[in-house]
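Accompanying notes for the structure given below.
The values are calculated or read from the model by the stated rules, or taken from the named source; none is laboratory data. Everything numeric here is computed off the predicted structure, so don't read it as measured data. Neighbour counts are summed over all protein chains in view; Cβ atoms, including those assigned to glycine, are modelled from backbone coordinates with ideal geometry.
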Amino acid sequence: MRYEATLRVRFCDQREAEIADLALSPDNKPLPKGLSISVERRGVELSYKISCEDRPLESLIATLDDIAQALILVERNTCNSYCAGREGRPEHGG
């Protein structure tokens, strides 16, 4: 069985998206057999594409959770210090 998911995240600006991309890159390797992750950065958006082949659905869900938790840490440390007080800052959860 094959499972796939895409997680898209928007940041305050391109610099923050780049920081998040670089911060999470080392966590993407090495991956267990049957799991693949690709990341694409376009401006202020990161798009994670995760696929699991011959692995349980829980593996995909756990991977999404790991990425989300890491992104939360990056966001707390970059957006709060770098973007705090900037006009037009996107609301959280959107």
Filter result (touching a residue at least 40 places away in the same chain (Cβ under 8 Å) and under 15 Å from Ala70 (Cα atoms)) within region 21-49: Ala23, Leu24, Asp27, Ser47, Tyr48
Pairs with Cβ under 8 Å, 6+ apart, first in region 56-67 and surrounded by 15 or more Cβ atoms within 10 Å (Cβ to Cβ), second modelled with pLDDT under 95 and β-branched (Val, Ile, Thr): Thr63/Ile37; Ile67/Ile37
Hey, could you check region 1-25 for residues that are closer than 11 Å to Ser47 by Cα and small (Gly, Ala, Ser) and say which is surrounded by the most Cβ atoms within 10 Å (Cβ to Cβ)? Ala17
Which pairs have Cβ atoms under 6 Å, sit 6 or more apart or on different chains, and link a residue in region 1-20 that is more than 16 Å from Tyr48 (Cα to Cα) to one that is part of a strand (DSSP E or B)? Arg2/Glu53
